[in-house]
1. Between Lys29 and Ser16, what is the label-point separation in nm under the 7 Å Cα-to-beta-carbon projection?
2. Which order do peptides 40-53, 63-76, 15-28 fall in by mean Cβ count within 10 Å, highest first?
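The numbers here are math on the coordinates, done by the rules we state, and not lab data. Bear in mind the structure is a predicted one, so any value in this text is a computation, not a measurement. Positions of Cβ are generated from backbone atoms using ideal geometry, with glycine treated the same way; all protein chains shown enter the neighbour counts.
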Amino acid sequence: MAKTRTAPRTVHADGSICPEGTARVPRGKKICCEDFRVRTLACFFDIRYEWWPEYKGWFTLVIPSAGGGGIAMNFCPHCGQRLPGRRRAGRFLET
């Protein structure tokens, strides 16, 4: 029986685990454009978008060393399409 190999998770200099290559997207939701999809897989030291189910909305992540959390988004910054979820504005801390 073959063993499944998984790539080791990258750890940043501050000890946080890099989320690059993982996505937090609601099941069954279609991403509006390729640029947005790529940002759902990025590291938070780059520009990363995530769906937060507890807030029912899309957020641009703020790196942990800058206080963490996220900034709510109502429209795709790439194609301008309205994003699904509750309409929110401002910065939130993930609970």
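1. Once both label points are built, they end up 2.1 nm from each other.
2. Packing proxy ranking, top to bottom: 40-53, 63-76, 15-28.
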